[in-house]
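Heads up, the thing below is written out as structure tokens.
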Number of protein chains: 2
Amino acid sequence: MCNMEEMSDLSIAQAATLKPIREVAAEAEINPEALLQFGDYKAKIDPALLDAPAEGQGKVVLVTGISPTPAGEGKSTVTVGLSDALRLAGEKVMIALREPSLGPIFGIKGGATGGGYSQVLPMEDINMHFTGDFHAITSANNLLVALIDNHIHQGNELNIDPRRIVFRRVLDMNDRSLRSIVSGLGGPTEGVPREAGFDITVASEIMAIFCLAKDIQDLQDRIDNIVFGFTYDRKPVTVKELGGGGAMTMLLKEALKPNLVQTIAGTPALVHGGPFANIAHGCNSLIATQTARRLADIVVTEAGFGADLGAEKFMDIKARAGGFAPDAVVIVATIRALKMHGGLAKDKLKDELDTETSISYLSEGVKNLERHIDNVRGFGVTPVVAINKFTNDSDDELNWLKAWLEERGVKAAVADIWAKGGAGGQELAEAVLNTLDEGNNFKPLYELEDTVAEKVEKIVTTIYRGDGVEFTAAAKRQLKTIAENGWDDLPVCMAKTQYSFSDDAALLGAPDGFTITVRELIPKTGAGFVVALTGAVMTMPGLPKVPAAMKMGVDEDGHAVGLF
Amino acid sequence: MCNMEEMSDLSIAQAATLKPIREVAAEAEINPEALLQFGDYKAKIDPALLDAPAEGQGKVVLVTGISPTPAGEGKSTVTVGLSDALRLAGEKVMIALREPSLGPIFGIKGGATGGGYSQVLPMEDINMHFTGDFHAITSANNLLVALIDNHIHQGNELNIDPRRIVFRRVLDMNDRSLRSIVSGLGGPTEGVPREAGFDITVASEIMAIFCLAKDIQDLQDRIDNIVFGFTYDRKPVTVKELGGGGAMTMLLKEALKPNLVQTIAGTPALVHGGPFANIAHGCNSLIATQTARRLADIVVTEAGFGADLGAEKFMDIKARAGGFAPDAVVIVATIRALKMHGGLAKDKLKDELDTETSISYLSEGVKNLERHIDNVRGFGVTPVVAINKFTNDSDDELNWLKAWLEERGVKAAVADIWAKGGAGGQELAEAVLNTLDEGNNFKPLYELEDTVAEKVEKIVTTIYRGDGVEFTAAAKRQLKTIAENGWDDLPVCMAKTQYSFSDDAALLGAPDGFTITVRELIPKTGAGFVVALTGAVMTMPGLPKVPAAMKMGVDEDGHAVGLF
């Protein structure tokens, strides 16, 4: 049972004994030629050098969740614990997970490497620099902007409008002061002044491209397709026209190889790529998923935020791009979080409630879960609910929820994987295995032939259950630009608050009778989707008053302290 | 003989056969426990886990050069070729070199990994990301600025004057548009607006600190000592007062371990750290040099720019900080470059000149070399001149120069190491070995007890042979601040043009009758020196009209193309 107050994830991680990564690789039948070690416990895998068949056949289990709450749901923890449990059950399993972003670590956020006894290791390294993938993405991204500004400075042959450059610099740092800047100040030798800004690396189009590219050639093609801005006469300008896409690809060529690590229990995990789940599609690289499918019979992977965002994008963007079908979807829920969806305030989470009150919150909050279950079924994939157990969940609550799920014919299991690792996830593993045996009837929500507006309508009415979509005047103009430029056949990447089915973060549970306002539509022609912005989306976080960085350091043995 | 037109360094590098880095390590008697592999051909060494004695006894050969010219001198090439030659002669030798900066690669600059058959490999990797050290430095640097801006945004308890923040953000990119920016725009939730800017990573104080730190604790202490700005009442504010030094140290803990690679001939090389030679001291990390001294009998290392800057700083800053004495100094010169110092224009370098004309340029230009020779002798260390042979050097020219050096009792050798590797450097190796047998009487130029002004005076009059120093009004105010804050006992890091002994880049050869103007004095209390700025010093390069990036890419096998 998860009890974060008693033991830190870092102390559990540091106490664990790791197998040499060569052993992990050997057990996963990865031939040594394909392995590039980074120290003793991390490695990159070169998919081109793998002996395994080129086309992966492994089944894909997607782990997603209810709409997130401040109570925490533990999707990564379930992803890891479920995989360990499947391995305990004798399955040949591999995890595919996102790499964590460095910046938020210094703010308030924990790592993205699971928790308790369901973690991927070495967590210190994975959370700090890892094998340098995000730094390579930062470099490639910023090379492009340096080339753009240099082009304008050197005479602007392409007639780029400095006011209409839509591609921003990035840093993997929470640095609010860089959100909005004026660059190129200081006179004629110091560039051309313009309004500019930085996003966090994980919010960049390069990150999205990195995670959707099939191979290095596809990566280069996607980079060349980026529309980074517009000319003074409003024509889109691509990287291909500017040049430099080759150099950007070169900067990314090593990073594109997936990273192999292991769980505390020794299960192999590919941790690779990590786009934001709002401005981008929020799951690990397609290359990692496909490589895992070549090496294992079952691949457990995760999508960011709740199922309305993460799972929808996984189905409509990633699975479509990769030409595969997810075979089961695990929806992670916790009693705490469901009670919050039912109206219980965060500061009351630890209060002792009588059973009746508890159940009343739960029976209201479960409507959030219900909608996610229906949505997953709508994709033709069977959902399995993982009830991630926390310390003060009562048996009454757990039993009520299990009965509620059974009534609706939903497979479900209580997972006690934070405290017990794979041993606490055996019931869940069984439910997942049963589901995989059943097969799936996967189909995406919309067709690529639908217009962007139609795609948004379908997502809003079918997945969010809103009454409809309102496009602002700006968004309507952009729909026109999209049609004119032939981008209407791109999938849509919704940028919406993760806390609600609606675009109002305060509407928990299963809200009805709302419309979604699309403020802006941003074509990401490299990534290959159109971002639909609803409400303000944060692409560069800030630091809190007392940043977590303030208590971090290195002990006498050179180990990190205060990391989590 | 160096003939860059015929073969590219990249094609030679890619055709070379590398030994597995484990073998290189084993030959260098590096115990496996201390080795952290990064792929098959790169590794980090953990000095704490080395079996070798803690105190290194290896002799140090510093490779420096005449004042650089556009003709190119080839210091790195000589460093590598000399080391290969020493190894051929049966010596236990190790190279300590700087890591190249990523940004300039996309502009016009070649790599910093040597050339021809005297290169360190794998050059693609070393020139691109390598083991991620510079990215870690970038992250640590930018975390500090994010913490500073966040502190001001959150209420500015320390009373930091946003106009007097002297610590800038960095990127490892040539991006002129970031030299001068206004950050924090967009209203009260987006930070506090102020003038700011980015330097290239190698110009950062963190890089200088990284290269002067004895160990991780010293690194943390130096970071804590950084004065990043001043309060509204002009008091210096340190990282220790702000907090976050521990997190910055944590970000650097793995990077601080030196990187092991090899030359084309298989000689072990530690390539680690790379501060600018103007705003900083311009040599590889002290940790790499000291680690090499534990593992080898002879360590060949290099300092940036000409001997007036690189060697002086090596002696007065690095050797002093490390408590070691250089045992020999190799001054690299080329016929071409000396002729340029004698007045031959760059575009005439390839013209056929009659012997008399050639020698007349040479006999004038050699005065530049002469002054560097005298300066090295002044430090109590014996110089050896390496004449780095180029394709169209004539025998007459080479013989004239050898005779001139012999007359003055200077050890010298022609090195044909670009074309022949170590085999072309045997004569040079012999001269160096003779010098090492003689021992040295090393003493730095100035005492730490001298004031900063006195130190600058000594450098200018003794090394540059100027008539004296003029401090601007601003510099005089800064001298006062330095004295008041107790920073007068820090060594001085001169930031001067590398092209001339004077502060006028156009005065080649051995100019006389000049004074040096110190415009500004910048205390780098973390690095532990005071930078004396003479003239404009570029800390963020720009890209040329047609950046080298435009012809770079990846071929079908995933190899870099167009890198050099």
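The values are calculated or read from the model by the stated rules, or taken from the named source; none is laboratory data. Predicted model only: the values in this text are computed from it and were never measured. Heads up, the Cβs are rebuilt from the backbone with ideal geometry, glycines too, and the neighbour counts pull from every protein chain shown.
Could you tell me how many of the residues in the range B:271-295 are of a type in the set (S, T, Y) and in a helix (DSSP H, G or I)?
2
Tell me, yes or no, whether the range B:491-512 has at least one residue that is surrounded by 15 or more Cβ atoms within 10 Å (Cβ to Cβ), closer than 30 Å to A:G246 by Cβ and at pLDDT 95 or above.
no
Return only the number of the condition from (1) surrounded by fewer than 17 Cβ atoms within 10 Å (Cβ to Cβ); (2) modelled with pLDDT under 95; (3) aliphatic (A, V, I, L, M) that A:A26 does not satisfy.
(2)
Residue check, B:P523 against (1) assigned to a loop (DSSP other than H, G, I, E, B); (2) more than 14 Å from chain A (Cβ to nearest Cβ); (3) not aromatic (F, W, Y), all met but one. Which one?
Of the numbered conditions (1) assigned to a loop (DSSP other than H, G, I, E, B); (2) more than 14 Å from chain A (Cβ to nearest Cβ); (3) not aromatic (F, W, Y), the odd one out for B:P523 is (1).
Show me the strands (runs of 3 or more DSSP E) entirely contained within the range B:227-270 in which 2 or more residues are crowded, with 24+ Cβ neighbours inside 10 Å, more than 14 Å from every other protein chain (Cβ to nearest Cβ) and in contact with a Phe, Trp or Tyr (Cβ under 8 Å, 6 or more places away or on another chain).
Here the list reads B:259-263.
Name the single residue that is farthest from the other protein chains (Cβ to nearest Cβ) among those in the range B:204-226 being over 16 Å from B:G243 (Cβ atoms) and surrounded by fewer than 24 Cβ atoms within 10 Å (Cβ to Cβ).
B:K214
Of everything in the range A:396-416 that's in contact with a helix residue (DSSP H, G or I) (Cβ under 9 Å, 6 or more places away or on another chain) and among the acidic types (D, E), which residue is nearest to A:R87 (Cα to Cα)?
Of everything passing the filter in the range A:396-416, A:D416 is nearest to A:R87 (Cα to Cα).
What's the number of the only condition in (1) farther than 15 Å from B:P268 by Cβ; (2) of a type in the set (S, T, N, Q); (3) buried (at least 24 other Cβ atoms within 10 Å of the Cβ) that B:Q57 fails to meet?
(3)
Pull up the range B:17-35, narrow it to residues that are within 15 Å of B:A269 (Cα to Cα) and within 27 Å of the chain's Cα centre (by Cα), then point me to the one that is farthest from the other protein chains (Cβ to nearest Cβ).
B:A28
Has the range A:145-168 got at least one residue that is over 19 Å from B:F130 (Cβ atoms), free of Cβ contacts under 8 Å to residues at least 24 places away in the same chain, at the interface with chain B (Cβ under 9 Å from one of its Cβ atoms) and in a loop (DSSP other than H, G, I, E, B)?
Yes, the range A:145-168 contains a residue that is over 19 Å from B:F130 (Cβ atoms), free of Cβ contacts under 8 Å to residues at least 24 places away in the same chain, at the interface with chain B (Cβ under 9 Å from one of its Cβ atoms) and in a loop (DSSP other than H, G, I, E, B).
Under 9 Å between Cβ atoms, at least 6 apart or on separate chains: pull out the pairs that start in the range A:278-294 with a residue that is at positive phi and end on any residue that is of a type in the set (A, V, I, L, M, F, W, C) and part of a loop (DSSP other than H, G, I, E, B).
That search, which allows pairs on different chains as well, returns A:G282/A:F276; A:G282/A:F305.
I'd like to check which helices (runs of 4 or more DSSP H) are fully inside the range B:424-520 and have at least 2 residues that are among the acidic types (D, E) and in contact (Cβ under 8 Å) with a residue 40 or more places away in the chain.
Where helices (runs of 4 or more DSSP H) fall fully within the range B:424-520 and carry at least 2 residues being among the acidic types (D, E) and in contact (Cβ under 8 Å) with a residue 40 or more places away in the chain, they are B:426-438.
Quick check, is A:D51 at pLDDT 95 or above, surrounded by fewer than 22 Cβ atoms within 10 Å (Cβ to Cβ) and more than 14 Å from every other protein chain (Cβ to nearest Cβ)?
Yes, satisfied.
Output the number of residues of the range A:229-246 satisfying the condition of being more than 21 Å from B:V561 (Cβ to Cβ) and touching a Gly at 6+ places or on another chain (Cβ under 9 Å).
3
Going through the range B:169-187 one residue at a time, which ones are crowded, with 22+ Cβ neighbours inside 10 Å and either away from chain A (no Cβ under 14 Å) or part of a strand (DSSP E or B) (or both)?
B:R169, B:V170, B:L171, B:I181, B:S183, listed by residue number.
Which number in (1) within 11 Å of another protein chain (Cβ to nearest Cβ); (2) part of a loop (DSSP other than H, G, I, E, B); (3) under 22 Å from the mean Cα position of the chain (by Cα) marks the one condition that B:E190 misses?
Of the numbered conditions (1) within 11 Å of another protein chain (Cβ to nearest Cβ); (2) part of a loop (DSSP other than H, G, I, E, B); (3) under 22 Å from the mean Cα position of the chain (by Cα), the odd one out for B:E190 is (3).
Of the residues in the range A:529-564, how many are buried (at least 21 other Cβ atoms within 10 Å of the Cβ), more than 7 Å from every other protein chain (Cβ to nearest Cβ), of a type in the set (V, I, T) and not in a loop (DSSP other than H, G, I, E, B)?
2
From the residues in the range A:128-144 that are at the interface with chain B (Cβ under 9 Å from one of its Cβ atoms) and aliphatic (A, V, I, L, M), which one is nearest to A:A255 (Cα to Cα)?
A:A136
Surrounded by 15 or more Cβ atoms within 10 Å (Cβ to Cβ) and out of contact with any Leu (no Cβ under 9 Å at 6 or more places or on another chain): does that describe A:E457?
yes
If you take just the helices (runs of 4 or more DSSP H) that sit entirely in the range B:296-412, which of them hold at least 1 residues that are surrounded by fewer than 18 Cβ atoms within 10 Å (Cβ to Cβ) and modelled with pLDDT of 95 or more?
B:355-378, B:395-407
Identify the residue in the range B:123-144 that is outside any helix (DSSP H, G or I) and not small (G, A, S) and, among all such residues, is surrounded by the most Cβ atoms within 10 Å (Cβ to Cβ).
B:T131
Which residues, counting only those in the range B:417-444, are more than 14 Å from B:S83 (Cα to Cα) and among the acidic types (D, E)?
Passing the criteria: B:D437, B:E438.
Do we have any residue at all in the range B:72-89 that's at pLDDT below 95, under 19 Å from the mean Cα position of the chain (by Cα) and surrounded by fewer than 23 Cβ atoms within 10 Å (Cβ to Cβ)?
Checking the range B:72-89: at least one residue is at pLDDT below 95, under 19 Å from the mean Cα position of the chain (by Cα) and surrounded by fewer than 23 Cβ atoms within 10 Å (Cβ to Cβ).
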